[in-house]
Amino acid sequence: MAFDLKEIIASRLGENYDLHERHLNRTLVAAQRVIGFDKVYARAEGAYLYDMDDVAYLDFLSGYSVFNIGRNHPVVKKAIRDVLDLDLPNMVQMDCSLLSGLLAEAITKRTPPHLDAVFFCNSGTEAMEGALKFARAATGRKRVVSLASAFHGLSLGSLSLMGCESFTEGFGPLMEGFDARVPLDDIDELDRQLRSREVAAFVIETVQGKGCQTSKTDFFVRAQELCRKYGTLLISDEVQTGLGRTGKMFGFQHWDLEPDIITLAKTLSGGYVPCGAIVTRRDIYQKTFSRMDRCVVHSTTFGRNNLAMACGLASLEVIDNQKLIDNSAKMGALLMEKVDALRAKHSFIKEVRGKGLMIGIEFHEPSEFKLKMAWKLLHKIDKVLFAQMVVTQMLSKHRILTQVAGHAMDVMKILPPLIIGEKEVDMFVNAFDDVLTECRKFPGPMWELGNNFVKAALGSRKSAEPRPVSA
């Protein structure tokens, strides 16, 4: 009998969560069920997901910025079909493939001139791991400094750059010399860390993925000056901020920085085939691949595969041809303006921040007495519960997918596809206004939902307590 994937999917769609509970991450399944995220999506197009009844959901998460060009873009689909039709040799390993050369050329046409050498890999964390190796090889130093509240990936080197215990718990000891965290905008502390001239690299996100914080000063410019003064390389993690997300091609361009290394991934995949890249100066690159016997000293089996390279080429063309960077800046400004205007109506909103379509909405204790008490109740259990309550209602009531911006944060994060227009902006703002209006009714359905989260959180903590192991 011939293998028929379409028939398999048609006959078994809807078993998603049962299959994952049996064979994959059952804890993730439990969490999704508690917060009402256990939807079954049957198809996707552009800025929308569709369930089994063909009901549309507005995607304001974009797979954490994978889908900057929207989901299932026809240009990327055609590129994949073209590659398959050509029957090209793939991953020969001891060759130089055309498509990887073409994608490297396309990327360096869009970077500043000094960033002229590319290494391809499969993901953002893999790009960061390689960037750390490049920095060590180029400087001969071992230490790496990062920002407080950083997120750079979950493999060991990337994880070691983070101070978030919810991610690092149970995985120590982490990388020696990676434990310095500089608070954003604290230039004196950065100077103190770098002046020893033992630091290989200072790693930044110009807009942080966790919390959507960004500098409100000239910190990044002065940080670059310190890096040059002390011989430290500046690495800009552009995995989420790159390729138009912040209203410029790269996040570092908002400050006219000249980083020594940048990392890319997510959008470069076109949403189909994982694709990551390290882009750096040629002299740094050659410090890693310094001799013929070291020509593959850093390598990855699937990094230059034809499908990923084709997706990268197509994605860059879409970003340019559809003027998505300009649209990101325009729609981002409009979205932040309209959400910020709701502060006068809803005292829950503390701040709206970000750049382009990478936006964080931070909540704080409201001014009304009854709402203060409800707020305090939730926060005794978990600081993230209010934001999660809002996110859950945005999905269940208004079919808009968002997420909280990080552990123990009263921040809602929105990352819409860069293709959105005023229609989607208004859909989000109106839904958000409605959800916060419901929050003003205490007691009421929203706070009952919060109470359910509290019960689930308490149950989760109880089940996580150490138990005797029976023989």
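The values are calculated or read from the model by the stated rules, or taken from the named source; none is laboratory data. Predicted, not measured: the structure shown is a model, and the values here were computed from it. We place every Cβ from the backbone using ideal geometry, glycine too, and count neighbours over all the protein chains shown. All accessible areas refer to the heavy atoms of the entire protein, side chains included, with ligands and DNA or RNA removed. Shrake-Rupley method; radii C 1.70, N 1.55, O 1.52, S 1.80 Å.
Things to note:
- With respect to the chain, whose longest principal axis is taken over its alpha-carbon atoms, helix 369-381 is tilted by about 50°.
- Efficiency of FRET from Cβ geometry, residue 441 and residue 94, R₀ 56 Å, rounded to 0.05: 0.25
- Each peptide among 379-386, 342-349, 313-320, 285-292 gets the average number of other Cβ atoms lying within 10 Å of its residues, and from highest to lowest they stand as 313-320, 379-386, 342-349, 285-292.
- The dipole here belongs to the chain: it is taken about the Cα centre, uses +1 on the Cβ of Lys and Arg and -1 on the Cβ of Asp and Glu, and is about 800 debye.
- In the chain, taking the dipole from charged Cβ atoms about the Cα centre, the farthest positive-side position among 102, 439, 302 is held by 439.
- Value at 222 nm in deg cm²/dmol, rounded to 500, when DSSP H runs of n ≥ 4 in the chain each add -39,500 (n - 2.57): -13000 deg cm²/dmol
- Under the simplified labelling scheme, the residue 423-residue 164 pair shows an inter-label distance of 3.4 nm, with each label point 7 Å from Cα along Cα→Cβ.
- Annotation: the antiparallel percentage among DSSP beta bridges lying fully within the chain is about 65.
- Relative to the longest principal axis of the Cα atoms of the chain, the long axis of helix 422-439 makes an angle of roughly 40 degrees.
- Packing-based order for 61-71, 444-454, using average beta carbon neighbours within 10 Å, highest first: 61-71, 444-454
- Computed from the Cβ-Cβ distance with R0 of 35 Å, the FRET efficiency linking residue 454 to residue 50 stands at 0.60.
- Ordering of 14-20, 324-330, 334-340, 233-239 by packing is 233-239, 324-330, 334-340, 14-20, highest average first (other Cβ atoms within 10 Å, averaged per residue).
- Cα long-axis angle, helix 324-341 against the chain (0 to 90 degrees, to the nearest 10): 30
- Taking each residue as 0.36 nm, the span from residue 351 to residue 293 lengthens on full extension beyond its C-alpha to C-alpha distance by 15.5 nm.
- Cα-centre dipole for region 299-380 with unit charges at Cβ (Lys and Arg positive, Asp and Glu negative), debye to 20: 420
- Pairwise label distance in nanometres, residue 21 with residue 369, each label 7 Å out on the Cα-Cβ vector: 4.5
- For region 121-272, the solvent-accessible area works out to 36 Å² per residue, with a probe of 1.4 Å and every protein chain left in place.
- Where only alpha carbons of region 1-157 are counted, the Rg and the Dmax (Å): 20.8, 59
- Counting protein heavy atoms only, the chain has 54 percent of its accessible area on carbon and sulfur, 1.4 angstrom probe.
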